[in-house]
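The values are calculated or read from the model by the stated rules, or taken from the named source; none is laboratory data. Given the structure is predicted, the values throughout are model-derived calculations rather than measurements. Virtual Cβ from ideal backbone geometry, glycine too; neighbours counted across all protein chains shown.
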Amino acid sequence: MRAFLFLLLVALASPLPAQDKGPTVRPEVGKPLQAAIDLLRQRRGKEALAQARAAQAVPDKTPYETYLVTRVLGQAAAAAGDSATAASALESAAASSAAPEADRRQLLAAAAGQYYALKEYSKAVTVANRYFQAGGTDKSIRTIYVQSLYLAGNFAAAARELAQDVDAEEAAGKPPTEEQLQLLANAHLQAKDSLQYGRAMEKLVAYYPKRDYWLNVLQTVMSRPGFNERLAIDVARLKLETGTLRSAQEYLDFAQLVLIEGFPAEAVKVIDKGYAAGVLGSGAEAERHRRLKDLAAKNLAEDKKTIAADEKQGAAKDGKTLFNDGYNYVLHGRTEKGLSMMLQGTKGPGFTRPDHAKLQLGYAYHLAGQNAKALEMFKTVQGTDGAAALARLWVIRLGRTS
């Protein structure tokens, strides 16, 4: 930002006009002004400021002389590190009727930067807004404007402007910057808009899939009003997929949940990953981990016998049972049969939460290596209890890996 502002100052620091071209400047004003301009070009800000003040002290200046003196005074003050004087002078010069239109925009840009440096964010917003109304388009000033809205505490307005910038970047086929999305998420958070905060976090994991962002967005889904606790197992599955299961207790809770649901093959997979990650099998709870591991292995052996017996008997089942048994087949590697059973089960009685079933079916397609079908299924999930939010996250995840 400092480099940008210096370039603005140098661009404004042009030689004074010749006496036969347009408005004139008297020698007693022009001489110290020209000296100030020359010193500015040499980056000798304090000396330039002294010369500008000498020109300012000349009495009975014309409006044009006053404009030039004020402009150079602002430039010199900025170069000397006197942001308060610079901001006021540059803004005044921009408001002068003698200011050329092109210079007016540059002066407003420089003034906005000086107010931002002073942490006078409301003034920076006002001046930056005048810059845009005058036809300015520089992205650096747009950044000052949006950040000043945020820092001034106008979070809703900052979020609105940032959302427009993000939409424009995406419409142009460009990824928004990580800093843009972070500020957008924080603006929504400060504005207490939990829904839009969640959507901004979804964009962060879509473009910048860092572990911390995944943890944050999943926690946001779980803490949103109306979240259905029955989806805890689906959250755990997505955490396993994104490498965001952190503690031994999370692995244990996940394994116990799927054991209760009757899926020991999934429990064994979860426990094995916990051991491989070094989270399970050590410390004071190592014996507890081993007991659960042995229980899951025992249940898995029994489950294989049950599957074999059921295939021989071919007993009739309701939709929910058929769906769960189909998922179990997928876990055992019998993907085509299992997926067929799950689809058939969704058409039968026993489902009170069809979107939860779609979420699990999408995950089953993923386990079966059929990510295109998984994406199609996840995109059909609706509702406000967290299922649709988790499905969107799966679409983000698989969209990056497919």
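In segment 351-402, the residue that is modelled with the lowest pLDDT out of those that are under 24 Å from the mean Cα position of the chain (by Cα) and among the charged types (D, E, K, R) is Arg400. For segment 325-332, the criterion of being of a type outside the set (Ser, Thr, Tyr), over 14 Å from Phe263 (Cβ atoms) and within 37 Å of the chain's Cα centre (by Cα) is met by none of the residues.
A single member of Thr321, Thr352 is surrounded by 14 or more Cβ atoms within 10 Å (Cβ to Cβ) and hydroxyl-bearing (Ser, Thr, Tyr), and it is Thr321.
On inspection, Ala284 fails the criterion of being in a helix (DSSP H, G or I) and either touching a Lys or Arg at 6+ places or on another chain (Cβ under 9 Å) or aliphatic (A, V, I, L, M) (or both). If only residues of segment 277-311 that are of a type in the set (A, V, I, L, M, F, W, C) and closer than 13 Å to Pro264 by Cα are counted, the one that is surrounded by the fewest Cβ atoms within 10 Å (Cβ to Cβ) is Ala301. Selection of segment 378-391 for residues being more than 18 Å from Glu229 (Cα to Cα) and either buried (at least 22 other Cβ atoms within 10 Å of the Cβ) or of a type in the set (D, E, K, R) (or both) yields Phe378, Lys379. Any chance segment 57-66 includes a residue that's without any contact (Cβ under 8 Å) to a residue 12 or more places away in the chain, more than 30 Å from Leu181 (Cβ to Cβ) and either in a helix (DSSP H, G or I) or of a type outside the set (D, E, K, R) (or both)? So far as segment 57-66 goes, yes, one or more of its residues are without any contact (Cβ under 8 Å) to a residue 12 or more places away in the chain, more than 30 Å from Leu181 (Cβ to Cβ) and either in a helix (DSSP H, G or I) or of a type outside the set (D, E, K, R) (or both).
Of the candidates Gly333, Gly362, Gly369, the single residue that is more than 24 Å from Arg392 (Cα to Cα) and not aliphatic (A, V, I, L, M) is Gly333. You will find that of Ala168, Ala200, the residue that is surrounded by 21 or more Cβ atoms within 10 Å (Cβ to Cβ) and in a helix (DSSP H, G or I) is Ala200 and no other. When the helices (runs of 4 or more DSSP H) confined to segment 320-402 are screened for residues that are touching a residue at least 60 places away in the same chain (Cβ under 8 Å), closer than 21 Å to Thr242 by Cβ and of a type outside the set (Asp, Glu), those reaching at least 2 such residues are found at 354-367, 387-401.
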